[in-house]
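To start, the structure under review is shown below, and the notes come after it.
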There are 2 protein chains.
Amino acid sequence: MYQDFVLKGAICYSKTKDTLRFLEQGFLVCIAGKSAGVFPDLPDRYRHLPVADYTGKLIIPGLVDLHIHASQFTLRSLGMDLELLDWLTTWVFPEETKYQDAAYSLKTYTSLVEDLKRGPNTRACLFATVHVPGTLLLMDLLEASGLVCMVGKVNMDRNCPDGLREKDAETSATATREWLEQCGSYRNTAPILTPRFIPSCTDDLMRRLAAIRRQYRLPLQSHLSENQREINWVRELCPQSACYGDAYARFGMFGDEAPVIMAHCVWSEDREVELLAKQKVYVAHCPQSNTNISSGAAPVRRYLEAGIPVGLGSDVAGGAHTSIFRAMTDAIQVSKLRRILTGHNDAPLSLEEAFYLGTKGGGAFFGAAGSFEAGYEFDALVIDDGDLAPPFTLSPRNRLERIVYLSDDRHISAKYVRGVSIF
Amino acid sequence: MYQDFVLKGAICYSKTKDTLRFLEQGFLVCIAGKSAGVFPDLPDRYRHLPVADYTGKLIIPGLVDLHIHASQFTLRSLGMDLELLDWLTTWVFPEETKYQDAAYSLKTYTSLVEDLKRGPNTRACLFATVHVPGTLLLMDLLEASGLVCMVGKVNMDRNCPDGLREKDAETSATATREWLEQCGSYRNTAPILTPRFIPSCTDDLMRRLAAIRRQYRLPLQSHLSENQREINWVRELCPQSACYGDAYARFGMFGDEAPVIMAHCVWSEDREVELLAKQKVYVAHCPQSNTNISSGAAPVRRYLEAGIPVGLGSDVAGGAHTSIFRAMTDAIQVSKLRRILTGHNDAPLSLEEAFYLGTKGGGAFFGAAGSFEAGYEFDALVIDDGDLAPPFTLSPRNRLERIVYLSDDRHISAKYVRGVSIF
């Protein structure tokens, strides 16, 4: 099934969040879909393998998007004068209602998947909509693309328009079981439980989803502490919870059984930060979305220091750009403005940290992904940055810095996911 | 010399900073390099003219970059962990020193001009370096591109490395006169006086430049109140000045004779804001640069309310992106973060305002440019946004919003400057 091979070129990947490893000329070996390591000289035991020679180009791990709404791809950049709750009501919910239509789903999900395939991301965690057929269609399209994805049928049984809201908790839970039973035996695509956020899910629904989660040992994705109006609303809906995160934790949906991603965490209070750290919940940091819909700027430095696992999210369509290179740039920029404008003394994110978050940091949610150390799944991008090169020699770090800020899909010469070329 | 013609398609341009005019289908008439107006139906008097049919595409004014360092194009995205003064010392001054070399100047300026030609900007105010031959070369290349540009030979006679610093005020002033005398009789390219900033120019040099400015009635560009360490330094250098802006004003370089652009104005104090307003000095707002090198977030809303003329600047290479579409997006985003993070109540910039700043706002520095009203110089972009279109009809405003956030040079089908197609 697997073809083993070697990539030759300049190589760069994260070792830790503060450390990049660079080889100006090296060999990256792929055995059975995994990295067998990076070598300055090709070891004898691999000399029989075919070598793809990318001398002059830069080979880096594929990028990981921990938070994207597939059904909002059509909404990129629209309605950016609104804040979260008004934007959901005005733009998102009416749009998501359309995904009960198979033809509409096919058309828009196909556009999204083509965009993702062309771009630098190799893995993503996606929200679909409440609709089971549409969610399965999205999974089929993603599976055909070769990307590695977790996809969630969304659960919502309150506080959204009639055309979108699931009739009641039982209906939503039953649809979720049907979806899970119908999921194909995919190679690269897996289901992830997706209660939209506390305001969309009754306690009854949360209890039923918790049971499903235990039964299937499902990972979970949702939203947390994005916007102050949202947080106040959750406080009203769940007066017994110590904090927004605790509203998930009460149902065993904050860590425990299987890994959890919470998107945003812009305004997490102290006890929520402690809970995130204790339960090793992943924070999907979505800097552009948090800016566009005026949510705020998440204290990423604090989360990293607390040992909370963090990755990056495009959060299309709060964010307009699917590329996680853009999310890296945004994360650095927002961290600088946060420091200057709030007077906090948190050091801004470094290039090393932003690159780590968008590769190995988010990749950890998928197991061993987002790096080239031996044993990591083989996701790789070959970047031809020739037209970005100045007439002097860039250090490898500066070369990477320029690719992060300035490259686009035209610079991607080759893209491998789990050892398979997907171009 | 001029060929008169008509463009047909969807048309959008700014009337005021708060008002866009849209025609879903209209005719834009070019007579003698100027707009003769926009019409829903083509008037009889223009029916003999050739019509370029761009039905389905969007026609907008060319974008205007009020602040870019041509010699820093090679430095885009590099050294973004530093703040202004350290970044200048570490990256900028050593790079600018190289422009005493003709071959280096030719190579790098050619790359820049090709980039500008491909992109959405039609006009720019550029800093070259202190070197006269390099500055003239840049002007020749820009003239050949068809873009409309003002270009400055930079003046610096203190506080920079020996290889870059001009020997003394007299040497700098003499070189400036030589440059002005050697400027070709360009159609689209003009000189602009460019004392780098107060820390680079002795009082003696400023007095000599003021005399040159009066003699040639030259516009002027410089930097103002970008970074707090810089401002403190100016306070030490000019203890007699009431504020940084006053340090220019004392030499008659803050308005008066001919128009002035001051880049940044991130931290202008009250009396400086009054002076900007009184003297009608243009502020070049450079949101990405101000973020990247951690300068801050300029209070653009305040400047607009004070009646100060404002445009956008890429500030390459404090900014990494030459496109003024990106500057529009950055300006909106930074204004949102500024509001949330500082607790100021300034409303964020709207799409209308950001588009105005990047077209008509900056265009006013060139006279009547950046709009399609009758009499404006005919700079136009034809945008093919077909691959950005969702499967529902976008309002014209949302269509523009998407182009601002998501288009790149691949979406530009045609580009006209002063009535001439430059593709």
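Annotations
- Unique residue being open to solvent by less than 40 Å² (accessible area, probe 1.4 Å), more than 14 Å from chain B (Cβ to nearest Cβ) and out of contact with any Pro (no Cβ under 9 Å at 6 or more places or on another chain) when the list is A:L138, A:L58, A:L112: A:L138
- Taken together, B:D65, B:D86 contain a single residue that is outside any strand (DSSP E or B), more than 13 Å from chain A (Cβ to nearest Cβ) and either farther than 18 Å from B:T122 by Cβ or touching a Leu at 6+ places or on another chain (Cβ under 8 Å) (or both), which is B:D86.
- Region B:290-302, subset buried (at least 20 other Cβ atoms within 10 Å of the Cβ) and either part of a helix (DSSP H, G or I) or β-branched (V, I, T) (or both), residue nearest to the other protein chains (Cβ to nearest Cβ): B:T291
- Residues in region A:281-297 include none that are farther than 23 Å from A:H69 by Cβ and not basic (K, R).
- Flag for A:M262 being open to solvent by less than 20 Å² (accessible area, probe 1.4 Å) and either charged (D, E, K, R) or under 16 Å from A:K280 (Cα atoms) (or both): yes
- Selection status of B:V154, closer than 22 Å to B:I293 by Cα, among the β-branched types (V, I, T), in the same structural domain as B:T90 (by TED's automatic domain parsing) and crowded, with 22+ Cβ neighbours inside 10 Å: yes
- Matching residues, region B:296-323, being touching a strand residue (DSSP E or B) at 6+ places or on another chain (Cβ under 7 Å) and over 22 Å from B:E352 (Cβ atoms): B:D315, B:V316, B:A317, B:T322
- Near pairs, Cβ below 6 angstrom, 6+ apart or cross-chain, from region B:388-412 (within 15 Å of B:P61 (Cα to Cα)) to any residue that is assigned to a loop (DSSP other than H, G, I, E, B) and open to solvent by 20 Å² or more (accessible area, probe 1.4 Å): B:H411/B:D384
- Filtered residues of region A:157-173 (kept if out of contact with any Lys or Arg (no Cβ under 8 Å at 6 or more places or on another chain) and crowded, with 23+ Cβ neighbours inside 10 Å): A:E166
- Residue that is farthest from the other protein chains (Cβ to nearest Cβ), among those in region A:68-83 that are closer than 23 Å to A:K117 by Cα and small (G, A, S): A:A70
- Looking only at region B:307-334, residues that are more than 16 Å from the chain's Cα centre (by Cα), within 16 Å of A:D330 (Cβ to Cβ) and either without any contact (Cβ under 8 Å) to a residue 40 or more places away in the chain or more than 10 Å from every other protein chain (Cβ to nearest Cβ) (or both) come to 1 in all.
- Filter result for the condition that a residue is at pLDDT below 95 and of a type outside the set (V, I, T), over B:G119, B:G134, B:G152, B:G163: B:G163
- Taking region B:84-98 as the range and being closer than 25 Å to B:Q288 by Cα and of a type outside the set (S, T, N, Q) as the test, the residues that pass are B:L84, B:L85, B:D86, B:W87, B:L88, B:W91, B:V92, B:F93, B:P94, B:E95, B:E96.
- Of residues in region B:337-363 being in a loop (DSSP other than H, G, I, E, B) and of a type in the set (S, T, N, Q), the one least open to solvent (accessible area, probe 1.4 Å): B:S350
- Checklist (1) over 18 Å from B:V420 (Cα atoms); (2) surrounded by 12 or more Cβ atoms within 10 Å (Cβ to Cβ); (3) over 25 Å from the mean Cα position of the chain (by Cα) applied to B:F22, failing item: (3)
- Here A:P287 meets the list (1) more than 21 Å from A:I60 (Cα to Cα); (2) within 13 Å of chain B (Cβ to nearest Cβ); (3) surrounded by fewer than 24 Cβ atoms within 10 Å (Cβ to Cβ) almost entirely, failing just condition (3).
- Selection from region B:260-284 of residues that are among the β-branched types (V, I, T) and either within 14 Å of chain A (Cβ to nearest Cβ) or more than 22 Å from B:A210 (Cβ to Cβ) (or both): B:V266, B:V273
- Candidates B:D41, B:D53, B:D81, B:D4, filtered to the one that is surrounded by fewer than 23 Cβ atoms within 10 Å (Cβ to Cβ) and closer than 30 Å to B:S222 by Cβ: B:D81
- The residue of region A:389-421 that is nearest to the chain's Cα centre (by Cα), among those that are more than 9 Å from chain B (Cβ to nearest Cβ), crowded, with 16+ Cβ neighbours inside 10 Å and part of a loop (DSSP other than H, G, I, E, B), is A:R418.
- Within region A:269-287, the residues that satisfy the criterion of being in contact with a Cys (Cβ under 8 Å, 6 or more places away or on another chain) and of a type outside the set (A, V, I, L, M, F, W, C) are A:E269, A:R271, A:E272, A:H285.
- Flag for B:G386 being at pLDDT below 95 and within 13 Å of chain A (Cβ to nearest Cβ): no
- Screening B:D86 against (1) farther than 23 Å from B:S323 by Cα; (2) not assigned by TED's automatic domain parsing to the domain that holds B:A317 leaves a single unmet condition, (2).
- Inter-residue pairs, beta-carbon under 6 Å, first within 14 Å of chain B (Cβ to nearest Cβ) and on the phi > 0 side of the Ramachandran plot and in region A:346-368, second open to solvent by 10 Å² or more (accessible area, probe 1.4 Å) and in a helix (DSSP H, G or I), 6+ apart: none
- Filter result (farther than 14 Å from B:R271 by Cα and of a type outside the set (F, W, Y)) within region B:232-249: B:N232, B:V234, B:R235, B:E236, B:L237, B:C238, B:P239, B:Q240
- A:L42 in the same structural domain as A:P133 (by TED's automatic domain parsing), more than 23 Å from A:L312 (Cβ to Cβ), touching a residue at least 12 places away in the same chain (Cβ under 8 Å) and hydrophobic (A, V, I, L, M, F, W, C): no
The values are calculated or read from the model by the stated rules, or taken from the named source; none is laboratory data. What you are looking at is a predicted structure, and each value in this text was computed from that prediction instead of being measured. Note that we place each Cβ from the backbone using ideal geometry, even for glycine, and neighbour counts take in every protein chain shown. Remember, those area values only see protein heavy atoms, side chains included, never the ligands or the DNA or RNA. Shrake-Rupley method; radii C 1.70, N 1.55, O 1.52, S 1.80 Å.
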